[in-house]
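Each remark here refers to the structure printed beneath this line.
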Amino acid sequence: LNSDEDLLQRCIGSAMPKRQ
Amino acid sequence: PTPPYLKWAESLHSLLDDQDGINLFRTFLKQEDSADLLDFWFACSGFRKLEPCDSNEEKRLKLAKAIYRKYILDNNGIVSRQTKPATKSFIKDCIMKQHIDPAMFDQAQTEVQSMMEDNTYPLFLKSDIYLEYT
């Protein structure tokens, strides 16, 4: 399920702190 | 100023607040076959940030199902093993009823976080990966 994986990766990325 | 790697030793949250800290912790967890714990923790935070509104209901449902399928459904997965049966049933129920609440993964995230705080995070601070980095 590639679309699941894309969705998850984007979601995880959105929660990461932004680089200073 | 305090170097970032010393701040990482203050609390799990200080570690997860820094991109380099996250990357190093993830490398450690990968060695322990536990990287899903960290990915799930961030997936829950990302999910909570998605505001419920008409334009993204479908996306929220898809994402909730993707999180459920990847981390909760497989009883042998590390996240599933660290989550209480009642918590898993609650999430399953939300999905079945399409009751997609921003807080639906909060309890599971807390349970996984406690496990990291009690177990993998202290191990990380004693690991070769962290000590070599410092």
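Some observations on this one:
- The separation of the range B:86-133 from the range A:1-18, counted between C-alpha centres, amounts to 16 Å.
- Per-pair calculated FRET efficiency, R0 = 25 Å: residue A:6 and residue B:129 via Cβ, rounded to 0.05: 0.30
- Shielding of B:38-45 by partner chains, average beta-carbon count, 10 Å: 4
- Oblate is the label for the range B:10-72, because the ratio a/c of its alpha-carbon gyration tensor axes (a ≥ b ≥ c) is 1.5 or higher and a/b is not greater than b/c.
- Whether chain B is rounded, prolate or oblate, judged on the alpha carbon gyration tensor where a/c under 1.5 counts as rounded: prolate
- Gyration tensor (alpha-carbon) shape descriptor, the protein assembly as shown, a/c threshold 1.5: prolate
- In the range B:26-134, lysine pairs with alpha-carbon atoms under 14 angstrom apart (chain gap of 8 or more, or interchain): 10
Only the coordinates and a few stated rules stand behind these numbers; no lab work does. Computed from a predicted model, the values in this text were never measured in an experiment. Cβ sites come from the backbone with ideal geometry, for glycine too, and all protein chains shown count toward neighbours.
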